[in-house]
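*Asks:* Quick one: the structure is below, questions incoming.
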Amino acid sequence: MATTSTRNGGKTGAADAAGGDGDEPGKGAAGGAGTPGGLTPLGWARWAWRILTSMRTALILLFLLALGAIPGSMLPQRVVSPDQVAQYYTENPALAPWLERFSLFDVYSSPWYAAIYLLLFVSLTGCVIPRALAHLRLMRARPPKTPRHLGRMPYSARFTTAAEPERVLEKGRSVFKRYRLERYGGSLSGETGYLREAGNVVFHIALLGLLVSLAAGYAFGYRGNMLVVEGDGFANTLTSYDSFYPGVAADQDELAPFSFTLDSFEAKFVQDGGFSGQAESFKGEMTYKDRPGAEERHHTLEVNEPLSVGGVQVYLLGHGYAPEFEVRDGEGEVVFDQPVPFLPRNEDPGQTSDGVVKVPDALPEGLGFEGVFLPTAQERTGEDGESELASVFPSPRDPAVTLTAYTGDLGMRQAQSVYQLDTSRMEELGASETLRPGDSWELPDGAGEITFKGYEDFATLQMTHNPGRLPALLFASLAVLGLLGTLFVRPRRAWVRASAGPDGRTVVEVAGLGKTESTADGQEFHRLATELRDRLREDPAADGPASSKE
Amino acid sequence: MVYQLAAETAADQDLASLSDHLIIAMIVAYAAALFLFALEAAYGRRTALKGNRLVPVGASAPAKDAAASPAAAGGHGGEASAAVGGYSTVDLDAEPASGGGGNADDLSVSVRGSEPQASASRSVLGAIALAVAGVGFLLNLAQIITRGLAADRWPWGNMFEFVVAISLCAVAAFLYAALRYQARYLGTFVLLPVVLLLGIAARWLYTETGPLVPALHSYWIAIHVSAAIVATGAFMVSGAAAITYLLSHRTEAKRAMGERVAGIAAKLPSPELLDRVSHRFVVIAFPLWTFAIIAGAIWADEAWGRFWGWDPKEVWSFITWVIYAAYLHARATAGWKGTRSAWIGVLGFAALMFNFFGVNYMFSGLHSYA
Ligand code: HEM
């Protein structure tokens, strides 16, 4: 019985063991002492380690992990939307720097959040490794000796049979075949359900693996955005990106050398009914090459269908229009002829888009235009009662452009956004009429002429290279498997003892002990005991003498 | 470029309007069942729960008293006989002895039982309520199917549809608990939030049957959203049981102080039993929730180019997950069992609901399809 009761840890026992009174190597000097008063530095360290790896600390750290995640969902985060952070700064100029001081705009990469999860994972390691070792020992050991008093077990059954004890144990082996069995004298001792503990270890270690994969992806990966107009190409070099975010250890000189062309792009919207104007589908046809000179291949890019090339994922983020302009300068030369991406306004159901056309090389002076593109232009009465032009539908049923022209120095020597015109050194020339495809606008003062030739679609794309994504998936799946093991497998022990009774019949005792205290255990033990009895009854070798005795 | 949505067929419109009528019918059925369950809880007689599957004993039972509950091996119609010194001997062998009358090789079995007999308030009203809830469940199912057929897609693409699907899962989990664990006593506590949620859904969240935004065009909606919905249903039953547990625990504490307790609170099942039911459903829901998060990450990887981006919805799924992980740990930590872990379970459910309502309406993120 002694063996059993110490081993009968069940959940509580196991948990406490994890709390430090198990077989941890760090125990010893500080063992048992409630406070570490008068300890050596080593003793202190051991004491701290024991606290850190205790279940209670794990619990508190888990709470902190949850609690610490909350501000990140309330305040704008740079990882999610840098623009909103900037906006927050303008709206709360006094508060924002303070929040910044506590990394509250970068909660999930902040030192304090890292401290929580790193402590948690140290705790986890310190807790799980000793448990894993203990479990390994247990799995390699023989099932423990049969206790003397099987009748004291949570489940026990007794019956007599005419079969010989040897025969009983033989049958016992076949009935308890799911158990790992060990013979001790006239009894069998069996154990099963090792997968629970193994699952627990796998689950926790998989969480560690997941963390490492995430960190690796973060460090070695990169992410970049760019906008590609229908018909244009892209080659994967640093300069091709509109914005590029490398991981701290990413190798920026060795980007995968693929390239592609966006052959066509099509956006569909629900045309009528209650959902009119809702996006229906976005589709981009692209040809791509793994590396220069490689075979050309084809892919249809959609919202849930990224292109995977050279370890990089190319995703479709958004869609817009690029009106096409031709500009003649004051000397009559065509100095500009290309589509210009206009960015859709936020939350505008008509997808009204803004953009600028920059013609710094125009003569005698540079030209610049601020424009608005309206996919489906319609006159309507605005709030102030005056009629205004607005776009009433996102697809180009009746596209139109209005422009404001400027002349002067565009300030192109400084780096500047392609979506903004620096008009500080320019002079306004006036605004155009509403232009439809094919319309031209003769600029005042003989400054030139601009023609709205038509439009192309463009797609905003994101490229990500994340070497951690597959390992992360692997570890996450392992975690689920481990979890299923730890939550649903029932470790349990069972015994069968056969001994000669006073009347010459064999007394059979069957007993069981579930470590998770599930009623299913009792049911299983009983089913097995009954099965053993029935098999012995049916057994001709055993039945013979018994029936002849009647 | 111009795209014409195929005109809705008359059949689709009929289905859509049938589906809308079913919403009302199902809310009425659930409300009626709720009313009857409440009557049972308040006026039923406290009766011992017969049977053998009052949910496996969880971690809360001290391990050294490890015990299968009495008549653990029922199904053989076993019944408890003399209980001596904490041991109850159970004759589990109900088959008549076969053959020549010799009883010599029949089993005598002892099962150590430390559980007090579980009991709950019961009356015929409860049985009727269960049937009505079953009808509500079928109406709910029919509603979802007709809506799916009308829209020709998976019928969980917006808030309204989520609530209806979650209700279906919560009621399914409850019916399972009622049939398998005799946990009919949870009816009031499960149906109350269900009826409330459905009321909110019908009044404020209702949207016409329609197509999905492109981000939801993916088979992952079937995998990720279904797993999340089923898990939410099971968490809901767990939360209901946790709240019932806290009430029952208070009742017990009051009784221990010699106070008289009246009303529904007086007739609740024992806290131990409720604790186990609550735990059981977390155990079912937690791996599903884990899976739902992972499936969501894979989908996000396909759709948005990153599998985890700390979008508010992701953050709150994660918070919910961590709280339930804490719940599971708490039940294995000395000093945290019982009331404290029940509170953690309630907290987990609160986070889940916040993720559902709060996040969709308070924060803007990629998940805003509300
Ligand atoms: C990221 C953090 C963690 C998560 C998500 C997590 C999750 C889980 C889950 C789901 C279980 C299964 C509970 C059950 O069997 O009912 C579990 C069990 C366990 N965890 Fe963790 N865990 C974490 C960290 C830790 C840490 C830091 C420790 C150690 C201090 C720890 C120690 C244990 C132990 C000992 C068990 C087994 C409890 C038992 O025997 O029932 N865990 N954990």
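Values quoted throughout were computed directly from the atomic coordinates according to the rules given, and no laboratory measurement underlies them. These numbers come from a predicted model, not from an experiment. With ideal geometry, Cβ positions are generated from the backbone for all residues, glycine too; neighbour counts draw on all protein chains shown.
*Asks:* Tell me the residue from B:Gly335, B:Gly258, B:Gly309 that is within 15 Å of the ligand (Cβ to nearest atom), assigned to a loop (DSSP other than H, G, I, E, B) and surrounded by fewer than 21 Cβ atoms within 10 Å (Cβ to Cβ), please.
*Replies:* Details: B:Gly258 fails: within 15 Å of the ligand (Cβ to nearest atom); B:Gly309 fails: within 15 Å of the ligand (Cβ to nearest atom).
None of the other options fit; the residue is B:Gly335.
*Asks:* Within segment A:446-464, work out how many residues are outside any strand (DSSP E or B) and touching a strand residue (DSSP E or B) at 6+ places or on another chain (Cβ under 7 Å). Walk me through it before giving the result.
*Replies:* Residues of segment A:446-464 outside any strand (DSSP E or B): A:446-447.
Filter once more, keeping what is touching a strand residue (DSSP E or B) at 6+ places or on another chain (Cβ under 7 Å): A:447.
So the answer is 1.
*Asks:* Tally the residues that are in contact with a Leu (Cβ under 9 Å, 6 or more places away or on another chain) and farther than 18 Å from A:Gly501 by Cα, restricting the search to segment A:148-171.
*Replies:* Pass one, segment A:148-171, residues in contact with a Leu (Cβ under 9 Å, 6 or more places away or on another chain): A:153-159, A:161-163, A:167-169, A:171.
This time we only want the ones that are farther than 18 Å from A:Gly501 by Cα, so: A:153-155, A:171.
Going through segment A:148-171 one residue at a time, the tally reaches 4.
*Asks:* To continue, here is another question. Which condition number in (1) farther than 29 Å from A:Gly273 by Cα; (2) crowded, with 23+ Cβ neighbours inside 10 Å is the one that A:Val359 fails?
*Replies:* Failed condition: (2).
*Asks:* Still on this structure, I have one more. Can you tell me which residue in segment A:96-113 is farthest from the ligand (Cβ to nearest atom), limited to those that are surrounded by 13 or more Cβ atoms within 10 Å (Cβ to Cβ) and assigned to a helix (DSSP H, G or I)?
*Replies:* Taking the candidates together, the pick is A:Ala96.
Here is a yes/no grid of residues against (1) surrounded by 14 or more Cβ atoms within 10 Å (Cβ to Cβ); (2) within 30 Å of A:Met286 (Cα to Cα):
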{"position": "A:Ala400", "(1), (2)": "yes, yes"}
{"position": "A:Ala415", "(1), (2)": "no, no"}
{"position": "A:Gly430", "(1), (2)": "no, no"}
{"position": "A:Pro437", "(1), (2)": "yes, yes"}
{"position": "A:Ile450", "(1), (2)": "yes, no"}
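*Asks:* Right, next: Take segment A:48-59 and flag every residue that is within 9 Å of chain B (Cβ to nearest Cβ) and either touching a Lys or Arg at 6+ places or on another chain (Cβ under 6 Å) or surrounded by fewer than 18 Cβ atoms within 10 Å (Cβ to Cβ) (or both).
*Replies:* Start the filter on segment A:48-59 by keeping residues that are within 9 Å of chain B (Cβ to nearest Cβ), which leaves A:54-56, A:58-59.
A:Arg56 - this is the single residue of segment A:48-59 that is within 9 Å of chain B (Cβ to nearest Cβ) and either touching a Lys or Arg at 6+ places or on another chain (Cβ under 6 Å) or surrounded by fewer than 18 Cβ atoms within 10 Å (Cβ to Cβ) (or both).
*Asks:* Right, another one. Against the condition within 16 Å of the ligand (Cβ to nearest atom), out of contact with any His (no Cβ under 7 Å at 6 or more places or on another chain) and more than 10 Å from chain B (Cβ to nearest Cβ), how does A:Val489 come out, does it pass?
*Replies:* On the way: within 16 Å of the ligand (Cβ to nearest atom): yes; out of contact with any His (no Cβ under 7 Å at 6 or more places or on another chain): yes; more than 10 Å from chain B (Cβ to nearest Cβ): yes.
The answer is yes for A:Val489.
*Asks:* Of the residues A:Gly273, A:Gly247, only one is crowded, with 19+ Cβ neighbours inside 10 Å and within 14 Å of another protein chain (Cβ to nearest Cβ); which?
*Replies:* Details: A:Gly273 fails: crowded, with 19+ Cβ neighbours inside 10 Å.
From the options A:Gly273, A:Gly247, the qualifying one is A:Gly247.
*Asks:* Pick from segment A:133-168 the residues that are crowded, with 20+ Cβ neighbours inside 10 Å and aliphatic (A, V, I, L, M): which of them is farthest from the chain's Cα centre (by Cα)?
*Replies:* Per the stated criteria, the residue is A:Ala162.
*Asks:* Limited to segment A:302-311, what total is found for residues that are exposed (fewer than 15 other Cβ atoms within 10 Å of the Cβ) and away from every other protein chain (no Cβ under 12 Å)? Before the answer, list the steps.
*Replies:* Of all residues in segment A:302-311, those exposed (fewer than 15 other Cβ atoms within 10 Å of the Cβ) come to A:308, A:311.
Those still in the list that are away from every other protein chain (no Cβ under 12 Å) too: A:311.
Adding up the residues that qualify gives 1.
Residue-by-condition table, conditions (1) over 22 Å from A:Phe244 (Cα atoms); (2) surrounded by 17 or more Cβ atoms within 10 Å (Cβ to Cβ); (3) within 14 Å of another protein chain (Cβ to nearest Cβ):
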{"residue": "A:Tyr315", "(1), (2), (3)": "no, yes, yes"}
{"residue": "A:Pro323", "(1), (2), (3)": "yes, yes, no"}
{"residue": "A:Glu333", "(1), (2), (3)": "yes, no, no"}
{"residue": "A:Asp348", "(1), (2), (3)": "yes, no, no"}
{"residue": "A:Leu363", "(1), (2), (3)": "yes, no, no"}
{"residue": "A:Gly368", "(1), (2), (3)": "yes, yes, no"}
{"residue": "A:Pro375", "(1), (2), (3)": "yes, yes, yes"}
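*Asks:* When you scan segment A:64-94, how many residues do you find that are within 16 Å of the ligand (Cβ to nearest atom) and either surrounded by 17 or more Cβ atoms within 10 Å (Cβ to Cβ) or within 27 Å of A:Tyr245 (Cα to Cα) (or both)?
*Replies:* Step one: filter segment A:64-94 for residues within 16 Å of the ligand (Cβ to nearest atom), giving A:64-69.
Now drop any that are not either surrounded by 17 or more Cβ atoms within 10 Å (Cβ to Cβ) or within 27 Å of A:Tyr245 (Cα to Cα) (or both), which leaves A:64-66, A:68-69.
Residues in segment A:64-94 being within 16 Å of the ligand (Cβ to nearest atom) and either surrounded by 17 or more Cβ atoms within 10 Å (Cβ to Cβ) or within 27 Å of A:Tyr245 (Cα to Cα) (or both): 5 in total.
*Asks:* Looking at segment A:284-301 only, could you name the residues that are in contact (Cβ under 8 Å) with a residue 12 or more places away in the chain and either surrounded by fewer than 18 Cβ atoms within 10 Å (Cβ to Cβ) or away from chain B (no Cβ under 14 Å) (or both)?
*Replies:* Quick first cut of segment A:284-301, residues in contact (Cβ under 8 Å) with a residue 12 or more places away in the chain only: A:284-292, A:298-301.
A:Glu285, A:Met286, A:Thr287, A:Tyr288, A:Lys289, A:Asp290, A:Arg291, A:Pro292, A:His298, A:His299, A:Thr300, listed by residue number.
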